[in-house]
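S.K.: Encoded as structure tokens, here's the structure I'll be asking about.
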Amino acid sequence: MESVEVFAAEGKGRGLRAQKEFLPGDVIFAEPAYAAVVFDSLTHIVCHTCFKRQERLHRCGQCKFAYYCDRTCQRVAWLDHKSECSAIKRHGKVPTENIRLAARIMWKMEREGSGLAEGCLVSIDDLQNHVENFGEEEKKELHADVESFLEFWPPQSQQFGMQFISHIFGVINCNGFTLSDQRGLQAVGVGIFPNLCQANHDCWPNCTVIFNNGNPSLFFFATRIELRALSKISPGDELTVSYVDFLNVSEERRKQLKKQYYFDCTCEHCKKQIKDDLMLAVKEGEHKPSAEMVKEVIQFSKDTLEKINKARLEGVYHEVVRLCRECLKKQEPVLGETNIYLLRILSIASEVLSYLQMFEEAADYAKRMVDGYLKIYHPNNAQLGMAVMRAGVTHWHAGLIEAGHGMICKAYAILLVTHGPSHPITKDLEVMRVQTEMELRMFQQNELMYYKMREAALKNQKIQVMPEPTTETSPSLFHKKE
């Protein structure tokens, strides 16, 4: 942590700033979790040490609850799992993820004391809890969590006061960082990273945070988060990350930040409403729509998105496609190409059509979505990189090798900065990039021969089914309890 320092950020409390220069893609610091747990719904399919999704996992023979990739992961986990294991056996049932995370934090404090942990810039005691900002519903949930914790906490362990237990749950509520699987596509757990908690929000940040599942058999490659530079950072610059997705107008982002994190965003993009005009764009020119028509189409889009979410939850994907097509017919004469309501429908349509193997139509929607995203997002935004990657794969499936290769190269350049060359998804992209480059050369030499060879190759292998669509967006930075 010698390359960063904690400082008093005007109007924002504590913050982090750089003590040396960083270039895009540089790792500013890596930090292992102080404590972390797998989500309740995924405890049997995700390793409790490295948070990788695996088909076959080894189960703890004592509590029958914790699962691990192998004996190595199980040995690495034992220090943190030992007390949890005996507590689950004594309690007779497994508590929720919030209770398990609070217990792991306090068992670690019992072992190491409540002062500064090794490598930490601040102690757990000093982290913000925002309990005083809780509404009535949040206070009820906090009270229920504290009661459940006290039932689970073993009598022989160090006893903590009610106020401190409430503080820990407050810390989890506003500082719990989302952990993703090894591909970075699904949120699988939540952890506390004291140093990361000091990084303030900016809607157009100079840093991004990536979870690296690592290799538990090698200390250096332990499970950790990495704070990576998105742009050039000079000594003395504040290090910022974005707590929410940028793809929302400034007013909506500010509302979300106030509700979830209890502060008013004063970043440049919110104050000046930068890019709001793009996100609310309407058709220009001779047939410019009336304000009333724009209002009507946006309301129709909101209503359709609700119906789409319902259909997706029920797995009725052909209904999702019908709703998207119907909505696009209404949107296209009225909304501009960067309007967020149009982009949301294009994103859903391309994803679901790809899953249904309707690649040509999916590719058309994916191309329009990417064109819009490139005008809105920071050029090194991780979510932009993932969207461009998916669009590139969709174009490859549709046989559009030139556009597909271009998008895969673009995505690879972004993810080299946001994820780094050793991240599994960047490695996958590198393989795709090399493969599509070879195919593109073949296509340019003899287009007819390329398609004949492609058709023969696809006949001799199983069709690669695209991942089933989910209602989840890319994992958000901090985990908020639903």
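The values are calculated or read from the model by the stated rules, or taken from the named source; none is laboratory data. On a predicted model such as this, the values are computed, not experimentally measured, just so you know. When we count neighbours, we look across all protein chains shown, and the Cβ atoms used for this are built from the backbone with ideal geometry, even at glycine. Accessible surface areas use protein heavy atoms only, side chains included; no ligands, DNA or RNA. Shrake-Rupley method; radii C 1.70, N 1.55, O 1.52, S 1.80 Å.
S.K.: Pull out all pairs, ordered by first then second residue, where Cβ-Cβ is under 9 Å, the residues are six or more apart or on different chains, the first lies in the stretch 348-360 and is without any contact (Cβ under 8 Å) to a residue 60 or more places away in the chain and within 21 Å of L458 (Cα to Cα), and the second is assigned to a helix (DSSP H, G or I) and of a type in the set (F, W, Y).
M.R.: So the pair list comes out as L353/Y317; L353/F359; L353/Y365; L356/Y317; F359/W396.
S.K.: Which numbered condition trips up L278, out of (1) in contact with a Ser or Thr (Cβ under 8 Å, 6 or more places away or on another chain); (2) part of a helix (DSSP H, G or I); (3) open to solvent by less than 50 Å² (accessible area, probe 1.4 Å)?
M.R.: Going through the list (1) in contact with a Ser or Thr (Cβ under 8 Å, 6 or more places away or on another chain); (2) part of a helix (DSSP H, G or I); (3) open to solvent by less than 50 Å² (accessible area, probe 1.4 Å), L278 breaks only (3).
S.K.: Could I ask something else about it? Which of the residues spanning the stretch 347-364 are over 19 Å from D245 (Cα atoms), open to solvent by less than 40 Å² (accessible area, probe 1.4 Å) and of a type in the set (S, T, Y)?
M.R.: S350, S354
S.K.: Check the stretch 66-87 and report whether any residue there is open to solvent by 20 Å² or more (accessible area, probe 1.4 Å), touching a Cys at 6+ places or on another chain (Cβ under 9 Å) and under 25 Å from V146 (Cβ atoms).
M.R.: So far as the stretch 66-87 goes, yes, one or more of its residues are open to solvent by 20 Å² or more (accessible area, probe 1.4 Å), touching a Cys at 6+ places or on another chain (Cβ under 9 Å) and under 25 Å from V146 (Cβ atoms).
Yes or no, residue by residue, for (1) open to solvent by 50 Å² or more (accessible area, probe 1.4 Å); (2) on the phi > 0 side of the Ramachandran plot; (3) free of Cβ contacts under 8 Å to residues at least 60 places away in the same chain; (4) of a type outside the set (S, T, Y):
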{"site": "A366", "(1), (2), (3), (4)": "no, no, yes, yes"}
{"site": "N381", "(1), (2), (3), (4)": "no, no, no, yes"}
{"site": "A391", "(1), (2), (3), (4)": "no, no, yes, yes"}
{"site": "T418", "(1), (2), (3), (4)": "no, no, no, no"}
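S.K.: Follow-up. If we scan the stretch 141-153, do we find a residue that is touching a Lys or Arg at 6+ places or on another chain (Cβ under 8 Å), in contact (Cβ under 8 Å) with a residue 60 or more places away in the chain and open to solvent by less than 20 Å² (accessible area, probe 1.4 Å)?
M.R.: So far as the stretch 141-153 goes, no, none of its residues is touching a Lys or Arg at 6+ places or on another chain (Cβ under 8 Å), in contact (Cβ under 8 Å) with a residue 60 or more places away in the chain and open to solvent by less than 20 Å² (accessible area, probe 1.4 Å).
S.K.: Would you mind finding the one in E284, E306, E292 that is open to solvent by 90 Å² or more (accessible area, probe 1.4 Å) and in a loop (DSSP other than H, G, I, E, B)?
M.R.: Sole residue among the options that is open to solvent by 90 Å² or more (accessible area, probe 1.4 Å) and in a loop (DSSP other than H, G, I, E, B): E284.
S.K.: Then there is this: Name the single residue, out of those in the stretch 127-143 being assigned to a helix (DSSP H, G or I) and touching a Ser or Thr at 6+ places or on another chain (Cβ under 8 Å), that is modelled with the lowest pLDDT.
M.R.: Only one residue tops the list, namely V131.
S.K.: Please go through the stretch 420-436 and pick out each residue that is without any contact (Cβ under 8 Å) to a residue 40 or more places away in the chain and open to solvent by less than 20 Å² (accessible area, probe 1.4 Å).
M.R.: Scanning the stretch 420-436 gives a single hit, T426.
S.K.: Identify the residue in the stretch 160-182 that is open to solvent by 10 Å² or more (accessible area, probe 1.4 Å) and in a loop (DSSP other than H, G, I, E, B) and, among all such residues, is farthest from H423 (Cα to Cα).
M.R.: My answer is G161.
S.K.: Okay, next question. Conditions first: (1) in contact with a strand residue (DSSP E or B) (Cβ under 9 Å, 6 or more places away or on another chain); (2) within 26 Å of N175 (Cβ to Cβ); (3) assigned to a helix (DSSP H, G or I). T49 passes all but one, so which condition is the exception?
M.R.: (3)
S.K.: While we're here: In the stretch 8-46, how many are open to solvent by less than 60 Å² (accessible area, probe 1.4 Å) and either closer than 13 Å to V190 by Cα or among the aliphatic types (A, V, I, L, M) (or both)?
M.R.: Number of matching residues: 16.
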